[in-house]
Each structure stands twice: as C-alpha cells, then as structure tokens.
Amino acid sequence: MHQVASQAGSLSIERVVFFQPRTFAEDNYQTTTGHEQQWVPWAALFLAPLARNMGLKVNLIDARVEPTKWVERISALGPTDLLAVSVMTGHAIRDSVRASKIARNCGSKIIWGGPHVSLFPTETLEQAPVDAVISGFGYIPFTHLLMSVREDKWPQQNEIGLLVKSTNTLNKHHTPSKYVQVPLDTLPRPYLALVEDWAPYLNPDVAIASRTINLITSEGCTRSCTYCSEPRMSASTWLTRDLSHMVAVAKDLCARSGANGVKLHDPNFFHDMSRAQQFSRLFAEKISLPWAATMHPSDLDHASSNYLDQLASDGLVRVLVGLESPDPAIVRLAGKQYDPTGIPELAKKLAKARIRGMFTFIVGWPDADPAHYSRTIESAFGIRDIWEEHQAKIHFLEPWPGTPIYRLLSRRGFCFPQTLHEWANIDYYQAKYAMIHDPERLHEIRNANRRLSPYVNA
C-alpha cells in the first residue's frame, strides 16, 4: 500500500469519465442498415448520479459510437480524472486495456467493473492496467470509492465488491463471494443527460420497431442454469427498480431519442409475472409503443392465453425465450427446468397471441450425442414453420467460470483461458473449445443462423 498511501494526500479527482469499449460483434448483431446494434450504456447512466451527488463532473466516452475519436478523447484526460470502464468478457477487453494504458500515462486513476470483473475480480486486478476493480452490482462499492475520492484519498483496503491495487502480494481471500445488496429504489434515477446524442443507440429491429432503444428495469437472476454466468455475477440476486419510476424514465428516454420501440434488457423480465403485467399496463397508458422483453420457457408454459393476449394488447410484440436445446437430457444438464418436448406448443401459444418469439439454443454440450447439432437446427426451423414471424438463434456453449458446467469440465482437465489476452479472444459464435465443440459444425450453425435470425451476417 506504500505507493497508494504516498499519493493519498495529493489526490484530487474532479471528474468521472465512463468508458464503453467496442464489442466487435458486427458479424453477429448486424442491423438491416449493415451496422452493429448499439445499446445504451446503462451501467454509466445508473452510476453517474452517484458521482454527481458527490459533487463530481461526469462524462461518457463510448468507443462504439466514436470509433475514430475515442482514443483522442481518452488521451486528453489528466490527473484530475477517474476513468471508469465497463468490461465484458471477449473482444471488448482489447479497447479496455488500450484506453486504460492511455489514461494511466495521462496520470488518471482507472477502475474496471462489469461482467468480466465480476467473474475475475482478483485476476483482473493483477493483470489489468487498473488501480481498483468493482464487482457485482457495484452501487455500494462505487459509492465507497467516491466517498474516499471526495476527501482527496484513494481507498487503501479491500471491501466487499471493491479491490484496490497494492504493492503487496494480493490476498486471494479478498475475492468477494457475495455482493452487498442495495434496494434499487433507494438509488437516484439514471442520468440520461450523460448521453449527448441518442441517435447511435436507435436500432432498426424487424420484430419491434424501426427505431428501437433498450431499457433495464431489473438486474441479476435467481435461476439455477448450470451454464449461465448471470447468477455468479449477481450472487443469485434479483434487484428490481420501481416500475412507475422506470416507466417515467422510459417516457423521457423515448422523448430524448425519438425511439418508436423499446427492448427491455432485463436478464429475466418475466421472473415476476405480476410485475411484468403491471409494467405492461403502465407502459401502455403512459407511452403506448411496441416493446419486447425476456421470458423463461417455464414462465411461458404457465402463462395463460388471456395473460398473453393482454400483454399483446398493451404493446408486447416479441419475447426472447432461451430454450437451449430440444433434447430433454441436455435441458436437464442445463438446469433449465422445463419440458422441451413442448417447444412447438410454446411457439404456437405465442403465435396465437401474435407475439413474436426469438428462441435461442446452445450446442456443444459435454457428452452430448453429436447428432444434437442437427436436432437443434431442425427444432429451430420447426419453430419458423409454425409461424414465419418467429426467429431463432443458435450459440456455442461457453463454460463461464463459476458455473457448474465450468466445474465439471475443470475436473476433466479442460483448459480455460488464464489471461486477459486469452479471454479477449472468446466468441461464442466461433466454437473456440475443440474439447466440446465440433469445429466442422461452425459453418453449418452460422448458415442456419443467417436464415433463422435477422441479426447475423454469416
């Protein structure tokens, strides 16, 4: 801690600059205009009010919408700036590292947060050019960090969700296993003024609207899917924001951006069916635009026709349903807890309500019959045969650390990436892991996706 302590008295942070790296997903999430879908950087908008309440200035640099200018803007930072980077596992790590190195050379402090940090807090602190990392939901540890900054100090010890870089050897036991929970309704509303130009975040979506923008009303997940990193990242907690507040935010968001459709990016929006229904009615009353959300297949199975009809009349036009596989054995392995033999009925139920479904699948499961690739493709096209407005998409399994699938494969000697550089190459459309994937199936899956989904440029 000697280096940090020696700087504590001279630290003077005046501004927090939120940085959103590029995701390099244009091949897999391309709009009809030929551009990669760009979604609102909600992490920055949710955290910015905390900094403003501390008397700090806030700015946003989004490399996705400033591909030729972001390096210049990062290079203009100085010792009074704190660069806050949101990092996803995969290609986004590349820009995160580059921006952090530039900012560090300018004398700025750097913190990382986001999905990758939540999975690898200690490893990220060791390997990344950062001064601290924040894992989990981030609200409380970010507030603690800002409280120190306001007093011209830098945190000198680790807290739950916050790890600070030290000259001493890192103690592995400092890695948080659980994150401090905070009622989202006690937090200030997102600071929409952080975004100066909303046009880049409007996406043409054939299933929703020509100018679709995204929104988040809840975070985390309590489900027990064995392959998914969301429960690990959120400590199996589901945090919800007040719906009347979020509908007001949505109204403001649509007015600022000129959006004519809204896509909810909650990990599992219909986890509480009554809450979803309340949102639907409020949204129809206050905004009355087409909208889309996520729905677990078991929730769809239990949803009545009247319930779906009401949602449709309130403007719901599409739901994302993670089916994972048509094979019952694989569904059990995935921990999905629904009967896949009923997939056609789920598709018919949505079609009857005139609600489009985006049904997602995963291939490359350990010990799965090689024929499961073709059965998955067949199931996906079977859904399209039920209603041509339905969509489907097939991913390759990525065993994220901390999941039961990861632990299973680790016991078998599976070699996972160990460094930031290695994790930066992850792409679950490219069948990276030969131990569980058949590389020969890559083109077959991508060709199927090109016909099944409007978001793939195979």
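The values are calculated or read from the model by the stated rules, or taken from the named source; none is laboratory data. No experiment lies behind these values; they were computed from the predicted model shown. Virtual Cβ from ideal backbone geometry, glycine too; neighbours counted across all protein chains shown.
Residues of the stretch 222-242 that are crowded, with 19+ Cβ neighbours inside 10 Å and closer than 20 Å to TRP291 by Cβ: ARG241 alone.
Would you pick out the residues in the stretch 34-54 that are part of a helix (DSSP H, G or I) and of a type in the set (S, T, N, Q)? The answer is ASN53, and nothing else. One residue stands out among those in the stretch 243-267 that are modelled with pLDDT of 95 or more and among the polar types (S, T, N, Q): the one that is surrounded by the fewest Cβ atoms within 10 Å (Cβ to Cβ), which is ASN260. Failed condition for PRO370, given (1) free of Cβ contacts under 8 Å to residues at least 24 places away in the same chain; (2) surrounded by fewer than 16 Cβ atoms within 10 Å (Cβ to Cβ); (3) within 25 Å of ILE445 (Cα to Cα), with all others met? Against the list (1) free of Cβ contacts under 8 Å to residues at least 24 places away in the same chain; (2) surrounded by fewer than 16 Cβ atoms within 10 Å (Cβ to Cβ); (3) within 25 Å of ILE445 (Cα to Cα), PRO370 comes up short only on (1). Among the residues of the stretch 268-281, the one identified as crowded, with 19+ Cβ neighbours inside 10 Å and outside any helix (DSSP H, G or I) is ASN268. Of the helices (runs of 4 or more DSSP H) contained entirely in the stretch 282-344, those carrying at least 3 residues that are touching a strand residue (DSSP E or B) at 6+ places or on another chain (Cβ under 8 Å) and more than 19 Å from ALA250 (Cα to Cα) fall at 328-334. Quick check on the stretch 119-165: of everything there that is among the hydroxyl-bearing types (Ser, Thr, Tyr) and touching a helix residue (DSSP H, G or I) at 6+ places or on another chain (Cβ under 8 Å), which residue is surrounded by the fewest Cβ atoms within 10 Å (Cβ to Cβ)? In this case the residue turns out to be THR143. The residues of the stretch 81-108 that are crowded, with 23+ Cβ neighbours inside 10 Å and out of contact with any strand residue (DSSP E or B) (no Cβ under 7 Å at 6 or more places or on another chain), listed by number, are THR89, ALA92, ILE93, ASP95.
With respect to ARG232, determine if the residue is outside any loop (DSSP other than H, G, I, E, B), basic (Lys, Arg) and under 30 Å from ARG407 (Cα atoms). Criteria met by ARG232.
Condition check ((1) within 20 Å of PRO49 (Cβ to Cβ); (2) of a type outside the set (Ser, Thr, Tyr); (3) at pLDDT 95 or above) across all residues:
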| position | (1), (2), (3) |
| --- | --- |
| ARG104 | no, yes, yes |
| THR122 | no, no, no |
| LEU163 | no, yes, no |
| SER166 | no, no, no |
| ASN171 | no, yes, no |
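Hey, among the residues in the stretch 109-118 that are farther than 15 Å from TRP423 by Cα and without any contact (Cβ under 8 Å) to a residue 60 or more places away in the chain, which one's surrounded by the most Cβ atoms within 10 Å (Cβ to Cβ)? In this case the residue turns out to be TRP112. Per the listing GLY315, GLY258, GLY335, the residue uniquely over 17 Å from SER218 (Cα atoms), within 22 Å of the chain's Cα centre (by Cα) and of a type outside the set (Phe, Trp, Tyr) is GLY335. Quick check on HIS443: is it surrounded by fewer than 17 Cβ atoms within 10 Å (Cβ to Cβ), at pLDDT 90 or above and either of a type in the set (D, E, K, R) or in a helix (DSSP H, G or I) (or both)? Criteria not met by HIS443.
Hey, could you check the stretch 395-440 for residues that are of a type in the set (A, V, I, L, M) and over 21 Å from the mean Cα position of the chain (by Cα) and say which is modelled with the lowest pLDDT? It comes out as ALA434.
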